[in-house]
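Contents: one structure, followed by commentary.
The values are calculated or read from the model by the stated rules, or taken from the named source; none is laboratory data. These numbers were taken from a predicted model, which means no experiment stands behind them. Side chains included, ligands, DNA and RNA excluded: accessible areas come from the protein's heavy atoms. Shrake-Rupley method; radii C 1.70, N 1.55, O 1.52, S 1.80 Å.
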Amino acid sequence: MSIDATKAFSGFSVRDPAQAKAFYTDVLGLEVTEEHGMLWIQLGDGHQVLVYPKGPSHEPAAFTVLNFPVPDVDAAVDELAGKGVTFLQYEGMTDEKGVNRKGGPLIAWFTDPSDNVFSVVAE
């Protein structure tokens, strides 16, 4: 057996795929396809992330599941906040907008409807 890393993909679960798809497409502006009751977030260059239904037993991960590099974190935060996205606040780490300016690249975290954590991070 040989593992072909060029075909590898990651995935995470959601409570409600229809609700997740609406958020990913309408709010985040992502291309999402659906196959066999599962979602595929298209990331470009043939890369994709599997989003699978877990229903009421879904438990969000305790870490960031998907990071979106952006040229301007503040602009991305403002745009997403204008679409109703609430950014997470981490005491002593993030400012009033939810942006971490305490070292490393600028980054701000938010959740999808299933409480999975995503980020916008400086390119």
For Glu35, tell me the accessible area in Å² from a 1.4 Å probe, rounded to the nearest 10. 100 Å²
Over the chain, with neighbouring protein chains present, the accessible area per residue in Å² at probe 1.4 Å is 60 Å²
Straight-line reach from Lys83: which aspartates and glutamates have a Cα under 15 Å away, not including same-chain ones fewer than 8 places off? Asp26, Asp74, Asp112
Only bridges whose two residues both fall in the chain count here: according to DSSP, what percent of them are antiparallel, nearest 5? 65 percent
Computed [θ] at 222 nm, helices only, for the chain once each DSSP H run of length n ≥ 4 contributes -39500 (n - 2.57): -3500 deg cm²/dmol
